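Every number in this text was worked out from the coordinates using simple rules, so none of it is lab data. Since this is a predicted model, take the numbers as computed values, not measurements. Every residue, glycine as well, gets a Cβ built from its backbone with ideal geometry; the counts of neighbours run over all protein chains shown.
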Amino acid sequence: MKYFSLRMYLTKEDYESYEKKMRKAVLFGRMKQLALPFIILTVVGAIYDIFNILISLFLFVVALIIPEMLNRDFSNKSRSSSKLIKRPMIVDFYSDRFEVRTEPDEIMRGRSERHYGFDTVRSVIEASDYIYFIFKTNNILIIPKRALDEEKYGMIKNLISNLFSGIYSAI
C-alpha cells in the first residue's frame, strides 16, 4: 500500500553536501575493512623486519587516500556533465519499501525505477537540511528537507521511529 509520494530535484549542491558530511563515515568504514589485513601485515612485519612494518603502514595509508581522491574527482566530473541530475525524482513510500523513479522528460526519454526494501536500509541519518537513507547495496536516498511539507516530514519521522530507530542518527 502506498502511503505518499515526494517529487523533488536533487542539485549538485545536494550531492556535495552529502559527500562532505559522509566523508568521515566512509573513511571509517574503509578503515574497518582494512584493519585485519593491516594487523596481519604488521605482525608478520614485526616478526621478520621493521621495514615490512613501514611497507604495511604505507599500503594502509595509500589504500585510504587514493580511493578518496579518485571518488572525489569522479563525482565532480560526473555531476558536471549529468543530465540525470536535472530530472525530477519521485519517491513513493510504501508499507515495506521505497520506490525511486525518474520519468521521461525533454532531455531524456528513458525511465528508471529502483525498489529498496525497508530490510535493506543500513542506516538513516538526519542532518540539518537532509535525511539520508543508506542501503546495504551502498546506494543512498537523499531527501532534501526543502522538498517536505510538515505533513510529509512528520510521516517520514514516524516511519523512522517505528522502523529505523535502532539505525537512526542525527548529525
Fully extended contour minus Cα-Cα distance, from Ile140 to Phe4, at 0.36 nm per residue: 47.0 nm
For the range 95-137 the translational diffusion coefficient, Stokes-Einstein from a Kirkwood Rh over Cα pairs at 25 °C and viscosity 0.890 mPa s, in µm²/s, is roughly 201
Please compare each pair in Lys20/Lys145; Lys12/Lys32; Lys12/Lys157; Lys32/Lys145 to a cut-off of 23 Å on the Cα-Cα distance and tell me which ones are over it. Lys12/Lys32; Lys12/Lys157; Lys32/Lys145
Any aspartates and glutamates whose Cα falls less than 15 Å from that of Lys21, other than same-chain ones fewer than 8 residues away, would be Glu13, Glu68, Glu126, Asp129
Tell me the net charge near Asp119. Cut-off is 14 Å between Cβ atoms, Asp119 excluded, with +1 for each Lys or Arg and -1 for each Asp or Glu. +2
Per-bin percent of Cα-Cα distances, the range 103-168 [10 Å]: 18, 44, 29, 9, 0
Given a Förster distance of 45 angstrom, what is the FRET efficiency for Thr11 paired with Leu36, based on the Cβ-Cβ distance and rounded to 0.05? 0.70
Length gained if Glu106 through Asp129 is fully extended, taking 0.36 nm per residue and subtracting the Cα-Cα distance, is 5.3 nm
Taking amide H atoms as placed 1.01 Å from N in the peptide plane, list the residues 5 or more away in sequence, or in a different chain, whose amide H sits under 5 Å from that of Tyr168. Val124
Please give the length that would be gained between Lys21 and Val43 if that part of the chain were fully extended, namely 0.36 nm times their separation in residues minus their C-alpha to C-alpha distance (nm, one decimal). 4.5 nm
Cut-off under 16 Å on the C-alpha distance; same-chain residues fewer than 8 positions from Lys2 excluded. Which aspartates and glutamates are left, in chain and number order? Asp92, Asp96, Glu99, Glu113, Glu151
